[in-house]
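Scroll down for the structure; my scribbles are underneath it.
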4 protein chains.
Amino acid sequence: MIVILKQNPDREQLENLINWLQSKGIQIHTSVGMTHTILGLVGDTSKLDIDLIAALDIVESVKRVQEPYKNANRKFHPEDTVIQVGNARIGGGTLTVMAGPCSVESEEQVLAVAKAVKASGATMLRGGAFKPRTSPYSFQGLGAEGIRLLSLAKRETGLPIVTEIMDLSQLDLFDDVDVIQVGARNMQNFNLLKALGAQEKPVMIKRGLSSTYEEWLMSAEYVMAEGNRNVILCERGIRTFETCTRNTLDVAAVPVLRQLTHLPVIVDPSHATGKSHLVPPLALAAVAAGADGLLIEVHNDPACALCDGPQSLRPEAFDKLAKKMFALHDFLKNAED
Amino acid sequence: MIVILKQNPDREQLENLINWLQSKGIQIHTSVGMTHTILGLVGDTSKLDIDLIAALDIVESVKRVQEPYKNANRKFHPEDTVIQVGNARIGGGTLTVMAGPCSVESEEQVLAVAKAVKASGATMLRGGAFKPRTSPYSFQGLGAEGIRLLSLAKRETGLPIVTEIMDLSQLDLFDDVDVIQVGARNMQNFNLLKALGAQEKPVMIKRGLSSTYEEWLMSAEYVMAEGNRNVILCERGIRTFETCTRNTLDVAAVPVLRQLTHLPVIVDPSHATGKSHLVPPLALAAVAAGADGLLIEVHNDPACALCDGPQSLRPEAFDKLAKKMFALHDFLKNAED
Amino acid sequence: MIVILKQNPDREQLENLINWLQSKGIQIHTSVGMTHTILGLVGDTSKLDIDLIAALDIVESVKRVQEPYKNANRKFHPEDTVIQVGNARIGGGTLTVMAGPCSVESEEQVLAVAKAVKASGATMLRGGAFKPRTSPYSFQGLGAEGIRLLSLAKRETGLPIVTEIMDLSQLDLFDDVDVIQVGARNMQNFNLLKALGAQEKPVMIKRGLSSTYEEWLMSAEYVMAEGNRNVILCERGIRTFETCTRNTLDVAAVPVLRQLTHLPVIVDPSHATGKSHLVPPLALAAVAAGADGLLIEVHNDPACALCDGPQSLRPEAFDKLAKKMFALHDFLKNAED
Amino acid sequence: MIVILKQNPDREQLENLINWLQSKGIQIHTSVGMTHTILGLVGDTSKLDIDLIAALDIVESVKRVQEPYKNANRKFHPEDTVIQVGNARIGGGTLTVMAGPCSVESEEQVLAVAKAVKASGATMLRGGAFKPRTSPYSFQGLGAEGIRLLSLAKRETGLPIVTEIMDLSQLDLFDDVDVIQVGARNMQNFNLLKALGAQEKPVMIKRGLSSTYEEWLMSAEYVMAEGNRNVILCERGIRTFETCTRNTLDVAAVPVLRQLTHLPVIVDPSHATGKSHLVPPLALAAVAAGADGLLIEVHNDPACALCDGPQSLRPEAFDKLAKKMFALHDFLKNAED
């Protein structure tokens, strides 16, 4: 950590700071420049509260050299985290395809979609039971009944399931769920993250709408600091000024996170774009960039004019895409030297 | 609501849509253009799910004409909402000053600050007991003990208190709290909002880091739809590309919200900027723009080098600012025709 | 175009508006709703100034149904634009690779890089002679001498060249240049765009740092409206809150623009990320998303410690990447049904 | 400047770097940490190219301690820059009000508005002759004729004029212009900035749509580095996710720039919001925050339904606002201790 002092810092405050840092076992290297003095802090600075130091009257700015996350940091855990969920293996060179309806609507719907996506090679079933909606007047999901229907589909197909939790009070309903998803709007719901860190199921954290990689990894760190090491990161697009797509998928998140962390990275092209015809090119782009898997919405009900989500693929389109994705994944593996 | 259809829409789907809309009591005016057909929906469209309609294969885009919020909408409630909390009156032409420490640290600290800000004219005491922090390794607040200390200060000074809730499980501890604050990162924690709508204390909702006015008002609507009409909005800066200030205070929020909603609007210049020397000019700007009040951090401990928050004013500086703000508020009232 | 009127619009102003629109040959369909009246404008609205209409006292908002660009619009020009530059063919299913140094530095450097990238399959040579720099104290490029060195490399290798113009006054120096690049910061330098529309060389327009697709296409329209139809679009990343990468590459721009326009779309993963190790995964992602080509920085001078741009690949790394990109492009072509 | 090295840097490259820095007269302080080595560079680092250093293989990141701008930096020029333009004085505690129509449309219009704003206390006349428009099909301003009409109004009223230049080729027409405005989209048109630095008229630089303070000050530095010290900065709102207002006015720019630079700061609430009813509260907020002046659109033609810009005030509304602004400016001056 580097502390840049203001010009002519108060001597007493500077001494206080240096004594306090030394009491924490930190060594201090001082560089006196023409206009500024710089303190280089050497030692384990990961537990120092950067805001407290930046708050000092005598400090102009503070810059971390070490990342503030430890458990999620590849530097300290060079091996890829691989998570086994039923028959699905997430991370470690596999391509995990999680597919299913945006919202669980009926037994018929979820069973039909589950069977279809399994036949196309999907390894997990996704589906929303609790739906975060901007408006209190919009459909909020089937709730507990939705989870029951997902369990049913799991028993029928053998596909492990991933679904979103919105509040701690729902956790009891998640017994049969295999991976618990934390939505973008809850990425910094720290109490929820802590509670999910204190249980054993894998947790998939979607990136916040305008969050940085570091904030996202700190949310993973909240879960991991409580003991749960099975965290999956899911890029789902960030808010930008572009309005043609709902969000802007940040494909670079895949190779950047590959370097920063050992956790698997999944990409959700459906929510990112909000338009089904953009899902195939972006799913392929994610595979080409090295993603560990995809989260894709599939819907099956051509009769119901009002439910065919604009971002959902029909099973036939999904089947075609799945084949292409797996072939591309193989092609790129073989292209490696 | 206006529905713009894609070119050459499928006739059966179009009929389905029109029948479904009519079954909801909506009248439809059709304009056939050279390249597009447009449906003008007339009637109470506030309960129509815009996403479902936009999701249809035959629909190119949908545009709301009515705002999606009703309870928070000034069009339907032209009178200012005025909230009485102890002796403090929020809204309706008053200037409410909520002041106090960022974090509650000790009895001595909170009492000293509470007395000081009261003497300077503050009408409410603010202070953090539960602190949302990006890092699990940072100080997370005193929790229940922090609330106990705030109550103590309330009894000593008579100032009503406002403090942040982070999770529903904490609600039992808030008996003695007067206004419950929802933090920026929880602005779209919909379960929390619903629960706060089902209780009686006023709720102050901070704007999310990259939220629009409409999203913010929809969060107020979540609370109000459950029956609690006492909602306060707090502008605290939004995330922009500027890094000199922690966030960018959006002063225009004040006059824009004044027009869109009848709810009181408070401005927090301390969190917005993260720098104490920027608090006075921005507090004055907020008053000049017509804010109903301010939320200002005040800290009192010059001895403790490590706690002097970079965004906190000392009591003397706060006193000077408070005098100026009240004088400015009076000046502007008198300047009105 | 749809015009949403304010509640109770002034009758005289409304009549003025309707008469004025009709005088422009526009038909008007009126829908009277409970709270708003909506005018549906039918006819050629592309020349109507949306800002003027939105500016009227009686108008609440205006929504375009037709896109404001015509020459660049795929609806009116369904065939892909294919641009022939020397032996290079841009668009129409080919994969154009433009490679070379960020800045032209010396004859030796540019010749060595040009030969190397040609051997790896690049079809055009890129290189900066005029460099837009944030600081007046930074190196601003070799200027005219840089262009001379690029011409030399063109004669040696046969590769057509693409380089950036910063100001109209430089145009005389561009005789030997094959494609003129307009940088991100000049995307809305409308006088420059008009002048480039009045000459014959193809123009490659980089997307502005925070521009939308529509603004970008309107910049292409500026060139095309003057008669020059040979416009190439280059996605180079947009500004977001993420600081790990210099910009965020918007891969979705490729399939979205494919639908909106017939112009070729090139992707620049070097500038987007600012880090050479991110170039290969993002270049592959761009190919997978369907890009017409790539713009890639290649540098050759391992001895000169101070010039090895962090975003530049060495020729060997570029050679490996080029092979992979071409193989991937073939793979995806064959995977099409 | 601080250079943070990657772990285990190549020794030869490190030596090259150190020798090169020392050859520039820079002293180097080295701190060896557990995971990183840090170089503290002491001396005049303002001419070092930070990008070149960051580009080195052995460098993880570089952090400036000194600001990269010198001429615009208050640290080196503590006194406020005050610019005299005719009878108007910009900076140094005055409140300069520049008012006039968005576009110059006719002699009658510009004369009437000029007289009205002068009577209300405006000290400069603004008006657009060359208008940057997103669409090539929108009205682009009267050009040379617009400048002629502004000159006429200047002779009639004595008000100095400020108007926008879009391209160097227009400079000859600006003989009678008093302050040359550089628009937001040209903020980083570096050739234009250099040329304006080589002439003598004051230059007012509008902030780019998504520019940081530092980038903005570097644009001022481009002008100043060529010798022209009379630069004015104009905050006109930045692009954010909010769509209710055209841009988000960053009032904090005023006190932040006051600290960073000695140049005067003007605020444009008309363009920032795009709505005339938001101009008065934001103009007052800007005065309360300490702005040196305002740029306000005033329009006078109630008959012409199609030209009444949504962001323009009528003369009567402007008159009321001007009185309030001057009174507020006086009030705040007297409130200072």
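The table for this structure:
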| item | result |
| --- | --- |
| Residue D:150 open to solvent by 10 Å² or more (accessible area, probe 1.4 Å), in a helix (DSSP H, G or I), touching a residue at least 40 places away in the same chain (Cβ under 8 Å) and not aromatic (Phe, Trp, Tyr) | no |
| Hey, residue A:133 surrounded by 18 or more Cβ atoms within 10 Å (Cβ to Cβ) and either closer than 22 Å to residue B:188 by Cα or within 12 Å of another protein chain (Cβ to nearest Cβ) (or both) or not | no |
| Residue pairs meeting the criteria (Cβ under 8 Å; at least 6 apart or on separate chains; first touching a residue at least 12 places away in the same chain (Cβ under 8 Å), in region A:7-35; second part of a helix (DSSP H, G or I)) | A:17/A:53; A:28/A:18; A:28/A:21; A:28/A:22 |
| Selected residue (criterion: farthest from the other protein chains (Cβ to nearest Cβ)) from residues of region D:296-312 that are over 19 Å from residue D:107 (Cα atoms) and at pLDDT below 95 | D:311 |
| In region B:49-61, the residues that are in contact with a strand residue (DSSP E or B) (Cβ under 8 Å, 6 or more places away or on another chain) and within 7 Å of another protein chain (Cβ to nearest Cβ) | B:54 |
| Complete set of residues in region B:184-211 that are among the polar types (S, T, N, Q) and in contact with an Asp or Glu (Cβ under 6 Å, 6 or more places away or on another chain) | B:191 |
| Number of the exception - residue B:227 against (1) at positive phi; (2) within 12 Å of the chain's Cα centre (by Cα) | (2) |
| Residues being farther than 15 Å from residue A:238 by Cα and modelled with pLDDT under 95 - total across region A:260-273 | 0 |
| Candidate set: region C:5-38, residues that are touching a helix residue (DSSP H, G or I) at 6+ places or on another chain (Cβ under 8 Å) and within 14 Å of chain B (Cβ to nearest Cβ); chosen: the one least open to solvent (accessible area, probe 1.4 Å) | C:5 |
| Flag if residue C:141 is within 14 Å of another protein chain (Cβ to nearest Cβ) and assigned to a loop (DSSP other than H, G, I, E, B) | yes |
| Only one of B:242, B:214 that is under 17 Å from the mean Cα position of the chain (by Cα) and of a type in the set (Asp, Glu) | B:214 |
| Among residues of region C:328-337, those that are within 19 Å of residue C:98 (Cβ to Cβ) and at the interface with chain A (Cβ under 8 Å from one of its Cβ atoms), counted | 1 |
| Selection status of residue B:35, part of a loop (DSSP other than H, G, I, E, B), under 15 Å from residue B:20 (Cα atoms) and of a type in the set (Ser, Thr, Tyr) | no |
| Top-ranked residue of region B:39-48 - restricted to ones that are touching a residue at least 24 places away in the same chain (Cβ under 8 Å) and buried (at least 18 other Cβ atoms within 10 Å of the Cβ), ranked as nearest to the other protein chains (Cβ to nearest Cβ) | B:40 |
| Test result for residue A:162, among the hydrophobic types (A, V, I, L, M, F, W, C), over 30 Å from residue A:327 (Cβ atoms) and touching a strand residue (DSSP E or B) at 6+ places or on another chain (Cβ under 6 Å) | no |
| Segments classed as strands (runs of 3 or more DSSP E), wholly inside region D:62-118, with at least 1 members that are within 11 Å of another protein chain (Cβ to nearest Cβ) and open to solvent by less than 30 Å² (accessible area, probe 1.4 Å) | none |
| Qualifying residue in region A:167-185 (condition: in contact (Cβ under 8 Å) with a residue 60 or more places away in the chain and either assigned to a strand (DSSP E or B) or among the β-branched types (Val, Ile, Thr) (or both)) | yes |
| Subset of region B:189-198 (residues that are surrounded by 24 or more Cβ atoms within 10 Å (Cβ to Cβ) and outside any helix (DSSP H, G or I)) | B:189 |
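Residues are listed down the side, and each one gets a yes or a no for (1) over 18 Å from residue D:84 (Cβ atoms); (2) within 10 Å of chain C (Cβ to nearest Cβ); (3) not acidic (Asp, Glu):
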residue	(1), (2), (3)
D:187	yes, yes, yes
D:191	yes, yes, yes
D:201	no, no, yes
D:205	yes, no, yes
D:210	yes, yes, yes
D:214	yes, yes, no
D:230	no, no, yes
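The values are calculated or read from the model by the stated rules, or taken from the named source; none is laboratory data. As the structure is a computational prediction, the values presented were derived from the model and not from experiment. Neighbour counts are summed over all protein chains in view; Cβ atoms, including those assigned to glycine, are modelled from backbone coordinates with ideal geometry. Accessible surface areas use protein heavy atoms only, side chains included; no ligands, DNA or RNA. Shrake-Rupley method; radii C 1.70, N 1.55, O 1.52, S 1.80 Å.
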